[in-house]
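One structure is given below, encoded as structure tokens.
The values are calculated or read from the model by the stated rules, or taken from the named source; none is laboratory data. Here the structure is a predicted model, which is why all the values come from computation and not from measurement. Ideal geometry is used to build each Cβ from the backbone, glycine not excepted, and the neighbour counts take in all protein chains shown.
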Amino acid sequence: MKQNLSMLGLFIAILAVAYFTSSSAIEIAATTTGLAAVWLTAKEKLWTWPISLVNVACFFYMFMDVKLYADMTLQVFFFVLSIYGWAVWMTKRGGAAVRPTRTWTPRMAALLLGFLIVFTMVWGYMLERHTDASIPYLDAFIATLSLVAQFLLSYKILQSWYFWIVVDVLSIGMYFYKELYTTSFLYVIFLGIAIMGLIEWKREYERRTTPAAQSKDEVNPYAG
């Protein structure tokens with residue numbers, strides 16, 4: 001009940017900011033569905049994925065309108081990863097509601113960090129040379145960082161939250177600069193939820209990987 005009231009309070013805060021800053025209807029739809037999706041993700045609920053599909057459609061149109069083309073293109077990847085994540089979260093659940101949290105391997109970390117550097121530079125260069133993008137390299141970096149974070153999230157990997165925290169901090173400033181005040185305020189809330197998600201997922205992971213839990217997993221073929 002307390003969590004539901006907290007969520008209601010956040011929605012009211014978003015709508016209040018939207019009203020006083022004269023935000024567009026599409027920005028309001030994008031921010032409210034985004035808030036719901038991130039909250040449900042932190043709480044490890046499957047409903048996060050269908051709501052995420054609506055959210056990325058709203059953000060696609062909004063970013064196209066303000067010429068943040070990297071973020072606009074990113075929504076296409078998010079749409080695909082949301083469908084994939086929905087399927088992954090429903091596999092190897094054992095008796096749980098969703099797939100257990102995992103951590104990345106050193107090989108995955110190296111590949112993703114390499115991808116982050118190379119793809120940011122290439123994407124930023126393309127935006128700078130071939131579009132009228134407002135802030136091409138920052139836009140490309142945040143977009144690529146978000147893509148890595150979403151990929152990890154789809155696989156239910158704990159480190160996704162570290163990436164989202166960085167994305168949120170950078171996005172607060174970028175969207176404020178672009179006068180998307182409701183979206184900027186939303187990312188302040190996202191930052192708080194990302195920190196909460198990191199704490200909750202880490203607690204769940206550590207609980208499941210304690211020696212007592214591991215002994216139980218020996219008879220559970222779906223664990224991990």
Among E128, E44, which is of a type in the set (D, E) and without any contact (Cβ under 8 Å) to a residue 24 or more places away in the chain? E128
Flagged pairs (Cβ under 7 angstrom, 6 or more apart or on separate chains; first in the stretch 65-94, over 16 Å from A30 (Cα atoms) and at pLDDT below 90; second loosely packed, with under 15 Cβ neighbours inside 10 Å and among the polar types (S, T, N, Q)) are Y69/T131; G94/N220
Can you name the condition, by its number, that S146 falls short on among (1) touching a residue at least 60 places away in the same chain (Cβ under 8 Å); (2) surrounded by fewer than 21 Cβ atoms within 10 Å (Cβ to Cβ); (3) hydroxyl-bearing (S, T, Y)? (2)
Of all residues in the stretch 168-203, count the ones that are on the phi > 0 side of the Ramachandran plot and either surrounded by 20 or more Cβ atoms within 10 Å (Cβ to Cβ) or within 14 Å of the chain's Cα centre (by Cα) (or both). 0
Being part of a helix (DSSP H, G or I) and more than 14 Å from the chain's Cα centre (by Cα) is the filter here, so list the residues in the stretch 55-68 that pass it. A57, C58, F60, Y61, M62, F63, M64, D65
Condition check for F77: part of a helix (DSSP H, G or I) and closer than 17 Å to S160 by Cβ: yes
By residue number, the members of the stretch 96-116 that are within 17 Å of V148 (Cβ to Cβ) and surrounded by fewer than 16 Cβ atoms within 10 Å (Cβ to Cβ) are T103, T105, P106, R107, M108, A109, A110, L111, L113, G114, F115
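So that you can scan it fast, the table gives a plain yes or no per residue for (1) under 20 Å from Y84 (Cβ atoms); (2) surrounded by 18 or more Cβ atoms within 10 Å (Cβ to Cβ); (3) in contact with a strand residue (DSSP E or B) (Cβ under 8 Å, 6 or more places away or on another chain); (4) modelled with pLDDT of 60 or more:
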position: S6; (1), (2), (3), (4): no, no, no, no
position: Y19; (1), (2), (3), (4): no, no, no, no
position: I26; (1), (2), (3), (4): no, no, no, yes
position: T33; (1), (2), (3), (4): yes, yes, no, yes
position: W47; (1), (2), (3), (4): yes, no, no, yes
Looking at (1) in contact with a Gly (Cβ under 8 Å, 6 or more places away or on another chain); (2) closer than 18 Å to S160 by Cβ, which is the only condition F59 fails? (2)
